[in-house]
Structures are given as structure tokens and as C-alpha cells.
Amino acid sequence: MPLDTARAAPTEWQDAPAQAESDFAAVFGLVAEDFAEIDRLIPRQLASGISLVRDIVGHIVTAGGKRLRPLVALLAARACGCRSHDAVRLATIIEFLHTATLLHDDVVDKSARRRGRPSANALWGNAPSVLVGDFLYSRGFQLMVELDRMAIMAIISDATNEIAEGEVMQLANIGRVGTTEREYREVVRRKTAMLFQAAAHTGAVLGTSDAGFVEALRTYGVRFGMAYQLVDDWLDYAGDSGVMGKNPGDDLAEGKVTLPLIHTLEHGPPADAMLIRQAVQAHSTKHFPRVASAVRASGGLDYTKTCALREAKLAAKAVGALPPSRYRDALETLAECSVSRLT
């Protein structure tokens, strides 16, 4: 059965200010034709004679999603002058790698929900989810071979290695209330920001040999990715499930010590620090309202918000080095949209 990959623009900022929604729709619309090609390419690349592969791939591919990483790759390539179909292939590779990490992450985190509906591991089990994640990885690398650009293979190979290390680092930090802000940021850089960095970096390489432009986009990618994750971690203590596609407090239930908690542990009163330690070590949301209140009172939300805004500003500043174009402007706008949920 062919995959139905057609979809409207993502609704990542559905609860953001109306202007941000409009701006994001305009950014997405700028490369809408490219995404239409991606939607035609994905079913061909993910074809399989194995029904279980088709079922799981179909479930996660058609579940929607933000598609931010392929969007960054497309905008970066177009901003650097690439007009070929290679940009579509690259964006598809990035999407396959990201989707594979989602399947693996949900198994590691024992998540029952993804993009607002049951996760693949909840429906089919852990082993099939991991193996289909591997299938997506292998398809991505097969498509890289077709692209036949050694520089891009090197960037993505290095990125996938760092992402894997980031996953292990995060796993090692589960339940560890002594996690420092520096350690937290390194996990975020590897686990989340690295694929954004690779998307922007490889997009640039497709379009230009100018080292300054390539470095500007590499910087944009990592800063954008840092801002994106900081916003997500802020939302876990300030948002709601309709915005996130998961429940507030999920990070706490998984024993993840993110920046709002780190700040509260360092700057909050001893009683709040004790409450957080007990909740993290117990992987419990029993006292989540009290923990969230402590995070807010300590300035943990404000501090995380400030950090996210700083990263987004640095991302927008980085692409100022590129030649003027509507794609460069779109990258700046996207950086602004990334923090629009901080209300």
C-alpha cells in the first residue's frame, strides 16, 4: 500500500501569536514545491515488501510533524544558490534520519505517545520499532550514496555519531540531580542541535564553496537547534499537551534533569531542591504541580526563556553573513518563530 505523505504546513506554533503562525506559513510556503517533491519521493524510497515495515513506517510518516530539519536544509541550500533536485534528496535524507531517531528515542524513553497519538513502540513493541528505525537509517544512507557528495556523507556520518553519543549521555544522566548546566547543554547540542546543524551545513555545501557562508549556516543550525530544545524544555514546565504532543511533566517522569530544574536546584530554597531530587529519582509526577511552582518561583522558567531567546538571536545573526535573498530572510524569520511559543 503506498504511503499517503501529503500534508498541510505543520502547526508547530498553533498556540503562538497569530503573527508567528502567519510568518511560519510564509516560510513553509516558500519551499512548498520542494516539499511536494519530497512527498512524492518518500513513498518510493520507503517501499518494502515486508508488511510490518510498511505499517510502522506508514504510522510515523503520516502522523504529521514539524518537518523543521528538512525545512532548514532546503532553505540553506536555496539561500546558497542550489537550484537542483539535490536539495530535495538532501531534505529527504534529513527527514529519514530524524524519523529513525524518533523511533529509537521512544523505545529508550518508554514513550507511549508521539505527535499526539500512540507511539510505534506502544502499538507494535520495542523490537519492531528499533528495527524499522534501522531500516530508515539505511534508506537515508542509500539515498546519500545516490547523492554522491563525499563532503555531505562526511558531515552526516559525523552528525549521526554525535547524536548517538548524545543519546548515551542523556541516558547516563537520567535521575542524576547533579547534572550541571554545561553537561545539559552538551547533551542538547549533540542530541538535538546536531541534526539541525547538519541540515544547515549540508544545505550550504550543496549550494556554495564559500567557507564563510558554509560556516554561517553551520552556526545557524546549531544555534537554532539549541533554541528549539530550550523552548521544548521550558514548555514541559509551562506548556500543555496540545502544544507539545506530550504531557507536561513527561521529562520529570523520565528522570530527565533539564535546564529549568538545574536552575531551581542551584537557586531555589533547600526545601524545593529536596522536592525536585525526590521527584527526579523516583521518576514521579505525583508532585508535579509543586515542582512546576518551584521552578517558576526560582526563576527557572525565566532563565530558560532568556537562554532560548539568546540562542535564537545568535542564529538569526549568523545568517546575516549570507547574500540578501528571500531564503536568507526566511531563515531569520524561522529563528524568530522558534521562540514564539514562549508566551
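Numbers at a glance
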{"read-out": "Meets criteria (farther than 25 Å from residue 202 by Cβ, at pLDDT 90 or above and out of contact with any Gly (no Cβ under 9 Å at 6 or more places or on another chain)) for residue 38", "value": "no"}
{"read-out": "Members of segment 189-232 that are among the acidic types (Asp, Glu) and either within 12 Å of the chain's Cα centre (by Cα) or under 18 Å from residue 102 (Cα atoms) (or both)", "value": "232"}
{"read-out": "Helices (runs of 4 or more DSSP H) within segment 215-314 that include 2 or more residues aliphatic (A, V, I, L, M), at pLDDT 95 or above and out of contact with any strand residue (DSSP E or B) (no Cβ under 8 Å at 6 or more places or on another chain)", "value": "259-267, 270-282, 288-298"}
{"read-out": "Subset of segment 28-55 that is among the aliphatic types (A, V, I, L, M) and farther than 24 Å from residue 145 by Cβ - its residue that is surrounded by the most Cβ atoms within 10 Å (Cβ to Cβ)", "value": "31"}
{"read-out": "Flag for residue 205 being of a type in the set (A, V, I, L, M, F, W, C) and over 12 Å from residue 72 (Cα atoms)", "value": "yes"}
{"read-out": "Those residues of segment 315-343 which are among the polar types (S, T, N, Q) and part of a helix (DSSP H, G or I), in sequence order", "value": "333"}
{"read-out": "Residue list for segment 116-148, filter: among the basic types (Lys, Arg) and crowded, with 18+ Cβ neighbours inside 10 Å", "value": "139"}
{"read-out": "Count - residues of segment 56-99 that are of a type in the set (Gly, Ala, Ser) and either more than 22 Å from residue 119 (Cα to Cα) or crowded, with 24+ Cβ neighbours inside 10 Å (or both)", "value": "8"}
{"read-out": "Residue 25, sole failed condition from (1) surrounded by fewer than 21 Cβ atoms within 10 Å (Cβ to Cβ); (2) in contact with a helix residue (DSSP H, G or I) (Cβ under 9 Å, 6 or more places away or on another chain); (3) over 22 Å from residue 132 (Cβ atoms); (4) at pLDDT below 95", "value": "(2)"}
{"read-out": "Some residue of segment 61-68 being part of a helix (DSSP H, G or I) and either touching a residue at least 40 places away in the same chain (Cβ under 8 Å) or within 26 Å of residue 221 (Cα to Cα) (or both)", "value": "yes"}
{"read-out": "Criterion: farther than 20 Å from residue 313 by Cβ, in contact with an Asp or Glu (Cβ under 9 Å, 6 or more places away or on another chain) and not aromatic (Phe, Trp, Tyr) - qualifying residue of 194, 226", "value": "194"}
{"read-out": "Only listed residue being buried (at least 19 other Cβ atoms within 10 Å of the Cβ) and closer than 22 Å to residue 303 by Cα, chosen from 214, 177, 222", "value": "222"}
{"read-out": "Members of segment 289-305 that are surrounded by fewer than 18 Cβ atoms within 10 Å (Cβ to Cβ) and within 26 Å of the chain's Cα centre (by Cα)", "value": "296, 299, 302"}
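A quick yes/no check of all residues on (1) assigned to a loop (DSSP other than H, G, I, E, B); (2) within 17 Å of the chain's Cα centre (by Cα):
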residue	(1), (2)
127	no, no
130	no, no
156	no, yes
159	no, yes
164	no, yes
167	no, yes
175	yes, no
178	yes, no
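The values are calculated or read from the model by the stated rules, or taken from the named source; none is laboratory data. None of these values were measured; they are calculated from a predicted model. For neighbour counting, all protein chains shown are included, and Cβ atoms are generated from backbone atoms with ideal geometry for every residue, glycine included.
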